[in-house]
Amino acid sequence: MTKRIFSGIKPTGHLTLGNYLGALRRWVDVDQHQSDALFSVVDLHALTVDHDPGRVRRLSRQAATLMLAAGLDPELCTVFVQSHVAEHTRLSYLLECTATDGELRRMIQYKEKGARARAAGESVRLSLLTYPVLMAADILAYGTDEVPVGEDQTQHVELSRDLAVRFNQRYGHTFTVPKATHPSVAARVMDLQDPLSKMGKSHASTAGIVYLLDDTDMVRKKIMRAVTDSGREVEYDRERSPGVANLLEILAACCQGNPEALAGGYESYGALKRDTAEAVVELLRPVQERHAGLAADGGYVDGVLKRGAERARAMARPRVDAAYAAMGLLPGV
Ligand code: AQP
């Protein structure tokens, strides 16, 4: 049987090199060819923190356009916007009745983002606590076998597994138990200015973040100014030299190389930065060119999203209906 794959990107900022190397590129190169794959702009997840509605709308269209520009082919896979398919939120409530308060409070992202909001004197939206359940619904609604994501999403996919197992035990077999898959290199691209933190698209300081639509000069500047370490030797050691290790991983991911082997070929940080910058510029060039063409034809992107939502709805509805029935809800008339 064909493997089912689901993954998504949330429109909380402009897409980054981390999104590309950690997720998008593999969706394009491998996943859409080997499986029955769905890729979504998971816009509801962008509402868990303070947001500007117009910006979310613009970023959602931009994310969808970039997914197509990167090479997702709507003839091979299903590309859609999460909020266009009501099955996600329908299922989410049932899974909230399956999850516990304690397991959601243990989520690292909730703890970190919640603490940040409280420190800034802001209130914490309830959805920041519950959105991993919505993410489980995103995944489980489609009978997903694999979820190709960066390493930062491991804990959320674990929750989806736990909820699937618990639901199946209580109410009868309804959901496939999914597993996360990660790229072999650059599964966690770090911020160039703070190599102990993930390169995240919603982070406030942008100097260490390479965006997919940054122009060539900007990409070069950000990489040439990357924080390295006080030593001189180019070695691949994430603990001792996180900045250098990050550059080596980015370079390796760009040229399908191995970071450890690449390290041996450099005697200075400057040369490593120059090569990494050029590799990233070349990696992004075709994506940016295709993005420019697609962005000029909004009707095409909207058409892809409309057909994608119709397909996704048809795939999700029978399983979500089955979950409603399994939990004891009367079928609708
Ligand atoms: N730095 C990264 N390295 C490797 N993979 C990454 N991903 C994200 N950042 C990196 C992967 O990209 C997919 C989509 O990510 P997302 O939209 O869920 O999260 P984000 O880009 O990290 O956006 P935010 O808003 O800045 O998120 P938070 O606040 O959670 O840090 C996922 O597969 C992700 O693993």
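The values are calculated or read from the model by the stated rules, or taken from the named source; none is laboratory data. Source: prediction; values computed, not measured. Note: ideal-geometry Cβ built from the backbone for every residue, glycine included; neighbour counts use all protein chains shown. Side chains included, ligands, DNA and RNA excluded: accessible areas come from the protein's heavy atoms. Shrake-Rupley method; radii C 1.70, N 1.55, O 1.52, S 1.80 Å.
Computed quantities for the displayed model
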read-out	value
Meets criteria (in contact with a strand residue (DSSP E or B) (Cβ under 7 Å, 6 or more places away or on another chain), modelled with pLDDT of 95 or more and under 19 Å from residue 46 (Cα atoms)) for residue 191	no
Selected residue [out of contact with any helix residue (DSSP H, G or I) (no Cβ under 7 Å at 6 or more places or on another chain) and under 27 Å from residue 203 (Cα atoms)] from 43, 29, 50, 36	50
From 13, 71, 18, 8, residue being away from the ligand (no atom under 12 Å from the Cβ) and either among the small types (Gly, Ala, Ser) or in contact with a strand residue (DSSP E or B) (Cβ under 7 Å, 6 or more places away or on another chain) (or both)	71
Hits in region 186-219 - residues which are out of contact with any His (no Cβ under 8 Å at 6 or more places or on another chain), open to solvent by 30 Å² or more (accessible area, probe 1.4 Å) and in a loop (DSSP other than H, G, I, E, B)	188, 193, 202, 203, 204, 205, 206, 207, 215
Restricting region 160-188 to residues that are at pLDDT 95 or above and of a type in the set (D, E, K, R), the residue that is farthest from residue 24 (Cα to Cα)	170
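Each row is one residue, and each column tells you yes or no for (1) closer than 21 Å to residue 148 by Cβ; (2) within 14 Å of the chain's Cα centre (by Cα).
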site	(1), (2)
5	yes, yes
34	yes, no
61	no, no
84	no, no
103	no, no
116	no, no
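For (1) touching an Asp or Glu at 6+ places or on another chain (Cβ under 6 Å); (2) outside the structural domain of residue 113 (by TED's automatic domain parsing); (3) within 15 Å of the ligand (Cβ to nearest atom), each residue gets a yes or a no:
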| site | (1), (2), (3) |
| --- | --- |
| 188 | yes, yes, yes |
| 192 | no, yes, yes |
| 198 | yes, yes, yes |
| 204 | no, yes, yes |
| 209 | no, yes, yes |
| 221 | no, yes, no |
| 226 | no, yes, yes |
| 230 | no, yes, no |
| 237 | no, yes, no |
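So that you can scan it fast, the table gives a plain yes or no per residue for (1) hydrophobic (A, V, I, L, M, F, W, C); (2) open to solvent by 60 Å² or more (accessible area, probe 1.4 Å); (3) out of contact with any Lys or Arg (no Cβ under 9 Å at 6 or more places or on another chain); (4) not assigned by TED's automatic domain parsing to the domain that holds residue 148:
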residue	(1), (2), (3), (4)
22	no, no, no, no
41	yes, no, no, no
75	no, yes, yes, no
78	no, no, no, no
88	no, no, yes, no
